[in-house]
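The structure appears below as structure tokens.
What follows is calculated from the coordinates using simple rules that are stated; it is not laboratory data. What you see is a predicted model, and the numbers here were worked out from it, not measured in a lab. Backbone-built Cβ (ideal geometry, glycine too); neighbour counts: all protein chains shown.
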Amino acid sequence: MALKLYVVGGAVRDALLGLPHADRDWVAVGATPEELLALGYKPVGKDFPVFLHPTSGEEVALARTERKTAPGYRGFAIHAAPGVTLEDDLLRRDLTINAMAQAEDGTLIDPHGGQRDLASRVLRHVSDAFVEDPVRLLRTARLAARLPDFTLAPETAALLQHMVDLGEVDHLVPERVWQELARGLMAQRPSRMFDVLRGCGALARLLPEVDRLWGVPQPPAHHPEVDTGLHLMLVLDEAAREDAPLPVRWACMCHDLGKGTTPRDQWPRHVGHEGRSARLAAALAERLRVPNDCRELADVVAREHGHVHASGALGAAALVRLFERCDALRRPDRFAQVLLACACDARGRTGLEDRPYEPAARLPALLAAARAIDTAAVAAAALARGQQGPDIGLAVHAARTAAVATRLAAE
């Protein structure tokens, strides 16, 4: 059999949908690893028969089949040989809309009705082999967030529930959970990912800190949507509407985690939830091995979002203390992300999606006034007065407070 190359998966799907796609994945049919090496292909990794094309540098995988040998997404035996057909390879894929291929001459190969499901806007599994790889559950949820007008086929929803019941999701390693979660958070409508995960019971297994927010009420005067879980979904979708970066979206996801641990007899008030949210966010980030920029922003937003919301009532000294706690004087760019996350929180409420967020308009100028202080000059003057150590820090703080007070007086 002569070597044939086909574009497969997401690139075919996105081209048919008219969506941009950054990378193309290729499948090679009718070749051995040795033949590809002889043609100048470069091997990638050790576990799978994947190579880099000698001219384009794109990934090319040998057509292959899989056999389940153990729980989890690593528990597979891979078979790649010249006799494995394109149809064999497509049969092992997750969803029908990802199980299409395109030949180099443009011919579309669609043995599982992917075009039909694209037209119907349906996410449907290819075969019952779907249950063998728990990452497919995460990918389906993430794809629902990227394609929010697609619905989940009832039989696929039932299969996701079956995977959870089998315990397959318990074998997912933290790195894969974070990878798919991050991509879903960056999608067009992140709430759809959580809808799918929660609907099949996977959210309670993977992110129990988030799952427990549903059914927890909040004061309706501040939260017309009342339910904390619903509020979180509105906040995440607002972050997507603002095209917020990943650290902001992660911080939005974590900002109210502490409300899930408020004793029932204290509902709907959540006194002290900010500190609990910060602790839960830190533990969750550690468990999933979340990058530091996401961890740090989530901590600040969890602790300080209430103070940022109420900053219009703060005096100069309290504002400077807020800036100091947020490390805004040293990291103004990150403070801008704090404000964006807080704005998403404020607008993630039923009927309040388009209201202006006054702290985001007001605080940057006040921060600029505090940062304009020449700290070296203030420190030199303090030293000249015989002050040392902590007294110099107090002198700098006083100078910044005076600058913010002057700015407040001019408002």
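Quick look at the values:
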item: From the coordinates shown, log10 I(q)/I(0) by the Debye sum over Cα atoms at q = 0.06, 0.07, 0.15 Å⁻¹ corresponds to which of (i) -0.24, -0.33, -1.58; (ii) -0.38, -0.50, -1.39; (iii) -0.34, -0.45, -1.31; result: (iii)
item: Extreme residue, positive dipole direction of the chain, given options Gly199, Leu19, Ala317 (C-beta unit charges); result: Ala317
item: Simple spin-label estimate for Ala379 and Asp327 in nanometres, 7 Å along Cα-Cβ; result: 1.9
item: Simple label model, 7 Å out from Cα along Cβ direction - Gln388 to Ala318, nm; result: 3.7
item: Local electrostatic count, Glu411, Cβ distance below 14 Å [Lys/Arg +1, Asp/Glu -1]; result: +1
item: Spacing of the two label points (7 Å from each Cα toward its C-beta) at Leu52 and Thr406, in nm; result: 5.7
item: Fully extended contour minus Cα-Cα distance, from His222 to Asn292, at 0.36 nm per residue; result: 22.0 nm
item: Computed E for Leu17/Glu87 - FRET, C-beta separation, R0 22 angstrom, nearest 0.05; result: 0.45
item: Coil-residue trypsin sites (Lys or Arg not before Pro) of the stretch 306-361, DSSP, other Cβ within 10 Å capped at 12; result: Arg330
